[in-house]
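In what follows, a structure is listed as structure tokens, so that the remarks can point back to it.
The numbers here are math on the coordinates, done by the rules we state, and not lab data. Source: prediction; values computed, not measured. Ideal geometry is used to build each Cβ from the backbone, glycine not excepted, and the neighbour counts take in all protein chains shown.
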Amino acid sequence: MPYCPSCGASVKAMQRQCDQCGRFLKSKTAPAQRTSPDDPGGIGWGLLGFILPLVGLILFLVWNDTKPRTAKAAGLGALIAVITVFVLYIIVWIIIFAAFGAL
Ligand SMILES: [Zn+2]
């Protein structure tokens, strides 16, 4: 059972505000929104994932729990790279079929 950090009264785990003193309580069940120096996220990791999709995918899987922001950036870069390659692949095949169709 968690306790209110202000007055020490016992509060329920899902309770957002203390009944005794009215202090707002931090929910431990909610995902942490704090920015960690170990978890910078950002465009750099996205770029890495885009250039090396396999590395981006691995980083996404490895860091998904410990560094969610960085993992998401790297995974998103990898996903964009895969989609880009897939789209280019489709376009190339459309061009090839169009060229053969014109013959
Ligand atoms: Zn309290």
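Between helix 53-63 and the chain, what is the angle of the helix's C-alpha long axis to the longest principal axis, kept within 0 to 90° and rounded to the nearest 10? Roughly 10 degrees between the two axes.
For the chain, the normalised intensity computed at q = 0.15 Å⁻¹ comes to -0.74 (log10 of I(q)/I(0), Debye sum over alpha carbons, equal scatterers, no solvent). By other beta-carbon atoms within 10 Å, ranking 86, 60 with the fewest at the front produces 86, 60. Per residue, the chain reaches -18000 deg cm²/dmol at 222 nm when only DSSP H runs of four or more residues are counted, each adding -39500 (n - 2.57). Would you compute the Debye intensity of the stretch 43-102 from its alpha-carbon atoms alone, equal scatterers and no solvent, and pass along log10 I(q)/I(0) at q = 0.17, 0.22, 0.28 Å⁻¹ to two decimals? Normalising to I(0) and taking log10 leaves -0.54, -0.71, -0.95. Between the stretch 41-65 and the stretch 2-27, the C-alpha centres lie 39 angstrom from each other.
For the chain, the longest principal axis of the alpha carbon atoms and the long axis of helix 68-102 meet at an angle near 20°. In the stretch 43-102, Cα pairs under 8 Å separated by at least six residues give a relative contact order of 35 percent. Between the listed residues 40, 25, 92, the Cα displaced farthest toward the positive end of the dipole of the chain, a dipole computed from Cβ unit charges relative to the Cα centre, is found at 25.
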